[in-house]
1. Under 6 Å by Cβ, and 6 or more places apart or on different chains, what pairs join a residue from segment 37-66 that is in contact (Cβ under 8 Å) with a residue 12 or more places away in the chain and assigned to a strand (DSSP E or B) with one that is surrounded by fewer than 19 Cβ atoms within 10 Å (Cβ to Cβ) and of a type in the set (K, R)?
2. Among the residues of segment 12-25, which ones are closer than 29 Å to E122 by Cα and out of contact with any strand residue (DSSP E or B) (no Cβ under 6 Å at 6 or more places or on another chain)?
3. Across segment 69-110, which residue is nearest to the chain's Cα centre (by Cα) among those that are under 17 Å from G48 (Cβ atoms) and of a type in the set (K, R)?
4. So is S70 in contact (Cβ under 8 Å) with a residue 12 or more places away in the chain, loosely packed, with under 11 Cβ neighbours inside 10 Å and either of a type in the set (G, A, S) or assigned to a loop (DSSP other than H, G, I, E, B) (or both) or not?
5. Hey, among the residues in segment 73-116 that are among the basic types (K, R) and within 24 Å of S61 (Cβ to Cβ), which one's surrounded by the most Cβ atoms within 10 Å (Cβ to Cβ)?
6. May I ask you to list pairs of residues, at least six apart or on different chains, whose Cβ atoms are under 6 Å apart, with the first in segment 87-106 being aromatic (F, W, Y) and the second being buried (at least 17 other Cβ atoms within 10 Å of the Cβ) and assigned to a loop (DSSP other than H, G, I, E, B)?
7. Which of the residues that make up segment 1-24 are surrounded by 13 or more Cβ atoms within 10 Å (Cβ to Cβ) and basic (K, R)?
8. Could you please tell me which pairs satisfy a Cβ distance under 8 Å, a separation of 6+ or placement on different chains, a first residue in segment 3-19 that is among the hydrophobic types (A, V, I, L, M, F, W, C), and a second residue that is at pLDDT below 95?
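The values are calculated or read from the model by the stated rules, or taken from the named source; none is laboratory data. A quick note: this is a predicted structure, and the numbers were derived from the prediction, not measured. We place every Cβ from the backbone using ideal geometry, glycine too, and count neighbours over all the protein chains shown.
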Amino acid sequence: MARHVVAKAEEIPPGSRKLVTVRGREIGIFNHEGEFFALLNRCPHQGGALCKGTLVGLVTSDAPGTYDYSRPGEMLKCPWHGWEFDLRTGQSYCDPKSTWVRAYEVTVEPGEVLAKGPFVAETFPVSIEENYIVVEL
(Lines give C-alpha, C1' and ligand atoms only; values in the text may rest on other atoms or scores of the structure.)
Protein backbone atom coordinates (compact mmCIF):
# COMPACT_ATOMS: atom_id res chain seq x y z
CA MET A 1 0.00 0.00 0.00
CA ALA A 2 1.38 3.43 -0.96
CA ARG A 3 2.11 5.95 1.78
CA HIS A 4 1.34 9.67 1.37
CA VAL A 5 2.51 12.58 3.51
CA VAL A 6 -0.59 14.76 3.89
CA ALA A 7 0.19 17.34 6.62
CA LYS A 8 2.41 18.28 9.52
CA ALA A 9 0.97 16.99 12.80
CA GLU A 10 0.91 20.55 14.17
CA GLU A 11 -1.48 21.59 11.37
CA ILE A 12 -4.20 19.45 12.95
CA PRO A 13 -4.35 20.24 16.68
CA PRO A 14 -6.44 18.08 19.05
CA GLY A 15 -10.16 18.47 18.40
CA SER A 16 -9.70 19.56 14.78
CA ARG A 17 -9.73 18.03 11.32
CA LYS A 18 -8.28 18.67 7.89
CA LEU A 19 -9.60 17.62 4.50
CA VAL A 20 -6.93 16.41 2.07
CA THR A 21 -7.04 14.90 -1.40
CA VAL A 22 -4.95 11.79 -2.05
CA ARG A 23 -5.01 10.17 -5.50
CA GLY A 24 -8.37 11.77 -6.26
CA ARG A 25 -9.96 10.76 -2.94
CA GLU A 26 -11.04 13.41 -0.44
CA ILE A 27 -10.11 12.20 3.04
CA GLY A 28 -10.77 13.75 6.44
CA ILE A 29 -7.88 13.60 8.92
CA PHE A 30 -9.05 13.94 12.55
CA ASN A 31 -7.03 14.56 15.71
CA HIS A 32 -8.90 13.19 18.72
CA GLU A 33 -6.91 13.82 21.90
CA GLY A 34 -3.60 13.32 20.11
CA GLU A 35 -4.67 10.23 18.13
CA PHE A 36 -5.08 10.63 14.38
CA PHE A 37 -7.79 8.97 12.29
CA ALA A 38 -8.66 9.19 8.60
CA LEU A 39 -12.01 8.55 6.89
CA LEU A 40 -13.18 8.86 3.31
CA ASN A 41 -15.20 12.07 2.96
CA ARG A 42 -18.22 10.35 1.45
CA CYS A 43 -21.15 9.03 3.44
CA PRO A 44 -22.12 5.58 2.11
CA HIS A 45 -25.79 6.35 2.74
CA GLN A 46 -26.29 9.03 0.07
CA GLY A 47 -22.85 10.46 -0.69
CA GLY A 48 -22.82 13.48 1.65
CA ALA A 49 -19.60 15.22 2.70
CA LEU A 50 -19.29 13.07 5.82
CA CYS A 51 -16.12 14.65 7.23
CA LYS A 52 -17.82 18.04 7.50
CA GLY A 53 -20.23 16.58 10.06
CA THR A 54 -20.33 17.00 13.82
CA LEU A 55 -18.24 14.91 16.21
CA VAL A 56 -20.40 13.42 18.96
CA GLY A 57 -20.20 10.63 21.52
CA LEU A 58 -21.67 7.15 21.48
CA VAL A 59 -25.12 6.75 23.03
CA THR A 60 -26.15 3.21 23.91
CA SER A 61 -29.10 1.73 25.76
CA ASP A 62 -29.70 -1.68 27.27
CA ALA A 63 -33.30 -0.93 28.29
CA PRO A 64 -36.00 1.61 27.44
CA GLY A 65 -35.46 4.90 29.23
CA THR A 66 -31.82 4.24 30.17
CA TYR A 67 -28.94 5.68 28.19
CA ASP A 68 -25.19 5.52 28.43
CA TYR A 69 -23.03 8.25 26.86
CA SER A 70 -19.43 7.27 26.16
CA ARG A 71 -16.54 7.96 23.80
CA PRO A 72 -17.14 11.72 23.45
CA GLY A 73 -15.89 13.12 20.13
CA GLU A 74 -15.29 9.68 18.57
CA MET A 75 -18.45 9.41 16.47
CA LEU A 76 -18.84 11.39 13.24
CA LYS A 77 -22.40 12.40 12.37
CA CYS A 78 -23.15 12.92 8.68
CA PRO A 79 -24.44 16.47 8.08
CA TRP A 80 -27.08 15.27 5.59
CA HIS A 81 -29.10 12.66 7.48
CA GLY A 82 -27.36 12.19 10.82
CA TRP A 83 -25.93 8.71 10.26
CA GLU A 84 -23.09 8.13 12.72
CA PHE A 85 -19.72 6.50 12.04
CA ASP A 86 -16.93 5.42 14.37
CA LEU A 87 -13.75 7.49 13.80
CA ARG A 88 -11.59 4.49 14.72
CA THR A 89 -13.13 1.93 12.36
CA GLY A 90 -15.57 3.68 9.99
CA GLN A 91 -18.36 1.39 11.25
CA SER A 92 -21.91 2.71 10.99
CA TYR A 93 -24.13 2.73 14.05
CA CYS A 94 -27.28 3.21 11.97
CA ASP A 95 -26.79 -0.01 9.98
CA PRO A 96 -23.80 -1.70 11.65
CA LYS A 97 -24.00 -5.06 9.87
CA SER A 98 -23.69 -3.74 6.33
CA THR A 99 -22.66 -0.08 6.28
CA TRP A 100 -19.31 1.54 6.96
CA VAL A 101 -17.12 4.27 5.54
CA ARG A 102 -13.55 3.58 4.41
CA ALA A 103 -11.08 4.17 7.24
CA TYR A 104 -7.38 4.63 6.45
CA GLU A 105 -4.37 3.85 8.61
CA VAL A 106 -2.60 6.96 9.93
CA THR A 107 0.89 7.20 11.41
CA VAL A 108 2.87 10.16 12.71
CA GLU A 109 6.54 10.01 11.79
CA PRO A 110 9.49 12.36 12.34
CA GLY A 111 10.49 14.37 9.28
CA GLU A 112 14.09 13.15 9.55
CA VAL A 113 12.89 9.55 9.08
CA LEU A 114 10.80 10.48 6.04
CA ALA A 115 13.70 12.43 4.51
CA LYS A 116 15.92 9.32 4.56
CA GLY A 117 13.58 7.40 2.26
CA PRO A 118 13.59 4.96 0.62
CA PHE A 119 11.97 6.88 -2.17
CA VAL A 120 10.17 4.85 -4.77
CA ALA A 121 8.80 6.36 -7.95
CA GLU A 122 5.30 5.23 -8.80
CA THR A 123 5.40 3.22 -12.00
CA PHE A 124 2.71 1.85 -14.27
CA PRO A 125 2.78 -1.14 -16.57
CA VAL A 126 2.99 -0.09 -20.24
CA SER A 127 2.45 -2.30 -23.25
CA ILE A 128 2.33 -1.69 -26.98
CA GLU A 129 -0.59 -3.28 -28.79
CA GLU A 130 -0.30 -2.81 -32.56
CA ASN A 131 0.13 0.97 -32.82
CA TYR A 132 -1.48 1.95 -29.53
CA ILE A 133 0.28 2.61 -26.23
CA VAL A 134 -1.74 1.41 -23.24
CA VAL A 135 -1.05 2.51 -19.65
CA GLU A 136 -2.64 0.55 -16.81
CA LEU A 137 -3.67 2.47 -13.66
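1. From segment 37-66, the pairs are L40/R102; T54/K77; V56/K77; G57/R71; L58/R71.
2. Taking segment 12-25 as the starting set, the residues that turn out to be closer than 29 Å to E122 by Cα are 12, 17-25.
Scanning segment 12-25 gives T21, V22, R23, G24, R25.
3. Only one residue fits best here, namely R102.
4. Values: in contact (Cβ under 8 Å) with a residue 12 or more places away in the chain: yes; loosely packed, with under 11 Cβ neighbours inside 10 Å: yes; either of a type in the set (G, A, S) or assigned to a loop (DSSP other than H, G, I, E, B) (or both): yes.
Spelling it out, S70 is indeed in contact (Cβ under 8 Å) with a residue 12 or more places away in the chain, loosely packed, with under 11 Cβ neighbours inside 10 Å and either of a type in the set (G, A, S) or assigned to a loop (DSSP other than H, G, I, E, B) (or both).
5. Going through the qualifying residues, I end up with K77.
6. These pairs meet every condition: W100/G90.
7. Hits for segment 1-24 are R17, K18.
8. Qualifying pairs under 8 Å: V5/L114; V6/V22; A9/V108.
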